[in-house]
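Taking it in order: structure first as structure tokens, then the write-up.
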Amino acid sequence: MVARTGDIDQLDPQKATAFQTVETLSLVYGRLVALDQDGKLVPDLASKWSTSADGKTLSFTLRSGVSWQDGDPFTAADVKASLERILDEKTAAVARSNLSSITKIDAADGTVTLTLSGPSTALLYSLASVNAAILHDKDIQANTIAKTPDGTGPFSWKSWAQGQQVVLAANPSYWAGAPKIGTVQFRVIPAESSIVSGMKAGAFQIGLLSDPTVADNAGSSDRFQLVKQPTLAYHALMLNGRRGPLQKLEVRQAIACAVDRDQVVKTAANGDGTVTGPITSPGFSYSPTEGLPCTPGDTAAAKKMLADAGYPDGFSLHTIVETGEYATAVAEGQNLQAQLKAIGVTLDLQQLTTDPYVKAWLAADFDAAVALNGGSYDPYLMYGRYFTQGGSLSGPAGLESPTLASLLVKGNTSTDDAQRQTTYRDLQQELLKESPWVWLFRSQDFYLVGSGVSFTPRADGLLSSLAAS
């Protein structure tokens, strides 16, 4: 039994953005390729793949003997239908813009060939995402994806009691062998202190925590061990640059300049975090603040910037904050509220549970949003869906920038490692300069792992080790 504070918010993996939903559906659905513990691409539903010399053709050999959890055989037609569904704008799939280089999909017996508009270094990583899950063609045609999950993954769907628990059962026909764990129950326990109490009582085998204070107080005992895992995800204050004063570059920069990131980490995360810039991909390390026109936390400079922009008396921002998915959200919002008050910017905090928060976020129904966003091993995957032209998450991104779009396309189409490093460094600096958001810190995930339980956490937050056979 796995205890966590939040529930899933939907059943469609191609539309999932909430972390609990992604981590759950990743156990039910397969992808063409996957990422191992170290972020290396490995086979999944495709046993092997190859790229043409010009980078414009990507061919997959599909794994044989795979079946859907309803008993039907997995086929190339399923892959074609799944990718076409993602690319259809009507689907509103999260990964659509990440797969936009695909211009043609050919499916034959046991093979799928993708024709691309040009080289895409991030495409394979895109296809490893849960948002690129392969669905059953029959379910797509029947329009049942959001009603009854039917995957090829290690666990099959059993039940969902909204706000209470999700139950998965080991898939006996899983191609890599049935998991040792017969049943996984995800229990919703709103208070992290109650998760700790349940672990001490032996009621849960794994507890997922996000509050560093609770985690440190829990420590380890004879019943469980505390495991910390640095994540690729990052905390940010997202600014909707299409609304009110935030339409002005100088205003967004003033807000970014006013915030002392170290103070947010110390106050909201009990010091358990690392100040970050936009890019958290391990292979691309840059200064977290180079590009800002100031020293973060310089309120005098920030006030002058606001005055020069025409807002000497400040303004108010409708700011949404999610409760339930991660414990530090409200504390982050309150700390940012206190810091920005010093320059006359008032954050009117609206606390929302996961489902209404995600809906408001996707609709860009906010001036500002306290957010925890997923990272990636490739920078394009982090920001292509936000800042490329027609990006699938361009709404909540809050800003359209030809410069950002151009840098993202350049980085993704280049196959030269040195050029990619330079391009993504320029991207990071341009993101900080344009300040569509205020990047705050990277945190850690905390796991209470019961004695005798074999579980290995990952930087991407997936729970793949539960599927060990």
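The values are calculated or read from the model by the stated rules, or taken from the named source; none is laboratory data. The structure presented is a predicted model; accordingly, all values stated were derived computationally and were not measured. Every residue, glycine as well, gets a Cβ built from its backbone with ideal geometry; the counts of neighbours run over all protein chains shown. Protein only, heavy atoms only, side chains kept; ligands, DNA and RNA dropped before computing areas. Shrake-Rupley method; radii C 1.70, N 1.55, O 1.52, S 1.80 Å.
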When you look at residue 88, is it more than 25 Å from the chain's Cα centre (by Cα), open to solvent by 50 Å² or more (accessible area, probe 1.4 Å) and either at pLDDT 95 or above or among the charged types (D, E, K, R) (or both), yes or no? no
So, in segment 196-215, exactly how many residues are aliphatic (A, V, I, L, M) and either more than 30 Å from residue 332 (Cα to Cα) or not in a helix (DSSP H, G or I) (or both)? 5
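Conditions tested, residue by residue: (1) open to solvent by 40 Å² or more (accessible area, probe 1.4 Å); (2) hydrophobic (A, V, I, L, M, F, W, C); (3) closer than 24 Å to residue 463 by Cα; (4) assigned to a helix (DSSP H, G or I).
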{"site": "21", "(1), (2), (3), (4)": "no, no, yes, yes"}
{"site": "24", "(1), (2), (3), (4)": "no, no, yes, yes"}
{"site": "27", "(1), (2), (3), (4)": "no, yes, yes, no"}
{"site": "30", "(1), (2), (3), (4)": "no, no, yes, no"}
{"site": "39", "(1), (2), (3), (4)": "no, no, yes, no"}
{"site": "49", "(1), (2), (3), (4)": "yes, yes, no, no"}
{"site": "69", "(1), (2), (3), (4)": "yes, no, yes, no"}
{"site": "82", "(1), (2), (3), (4)": "no, no, yes, yes"}
Against the condition open to solvent by 10 Å² or more (accessible area, probe 1.4 Å), outside any strand (DSSP E or B) and touching a residue at least 24 places away in the same chain (Cβ under 8 Å), how does residue 134 come out, does it pass? no
Tally time: how many residues in segment 387-405 are within 14 Å of residue 434 (Cα to Cα) and among the hydroxyl-bearing types (Ser, Thr, Tyr)? 2
Exactly one of 120, 126, 97 is in contact with a helix residue (DSSP H, G or I) (Cβ under 8 Å, 6 or more places away or on another chain) and open to solvent by 10 Å² or more (accessible area, probe 1.4 Å), and that residue is 120
Residue hits (segment 216-241; within 23 Å of residue 437 (Cβ to Cβ) and in contact with a helix residue (DSSP H, G or I) (Cβ under 9 Å, 6 or more places away or on another chain)) are 232, 233, 234, 235, 237, 238, 239, 240, 241
Scan segment 8-40 residue by residue and report those that are more than 16 Å from the chain's Cα centre (by Cα) and charged (D, E, K, R). 31, 36, 38, 40
Considering segment 345-361 alone, what residues qualify as being surrounded by fewer than 21 Cβ atoms within 10 Å (Cβ to Cβ), part of a strand (DSSP E or B) and at pLDDT 95 or above? 346, 348, 349, 350, 351, 352
Across segment 153-195, which residue is surrounded by the fewest Cβ atoms within 10 Å (Cβ to Cβ) among those that are aromatic (Phe, Trp, Tyr) and not in a strand (DSSP E or B)? 175
For segment 211-261, which positions are open to solvent by 20 Å² or more (accessible area, probe 1.4 Å), under 22 Å from residue 292 (Cα atoms) and touching a strand residue (DSSP E or B) at 6+ places or on another chain (Cβ under 6 Å)? 245
For residue 144, are the conditions met, namely being among the polar types (S, T, N, Q), at pLDDT 95 or above, outside any strand (DSSP E or B) and surrounded by 18 or more Cβ atoms within 10 Å (Cβ to Cβ)? no
Test residue 364 against the stated conditions and say whether it is crowded, with 18+ Cβ neighbours inside 10 Å, touching a Phe, Trp or Tyr at 6+ places or on another chain (Cβ under 7 Å), over 30 Å from residue 420 (Cα atoms) and among the small types (Gly, Ala, Ser). no
Of all the residues that make up segment 388-436, how many are touching a residue at least 12 places away in the same chain (Cβ under 8 Å), open to solvent by 30 Å² or more (accessible area, probe 1.4 Å) and β-branched (Val, Ile, Thr)? 4
Which members of segment 286-344 meet the condition of being among the aromatic types (Phe, Trp, Tyr), open to solvent by less than 50 Å² (accessible area, probe 1.4 Å) and more than 28 Å from the chain's Cα centre (by Cα)? 315
In the set 44, 12, the lone residue that is closer than 25 Å to residue 119 by Cα and either in contact with a strand residue (DSSP E or B) (Cβ under 9 Å, 6 or more places away or on another chain) or surrounded by 15 or more Cβ atoms within 10 Å (Cβ to Cβ) (or both) is 44
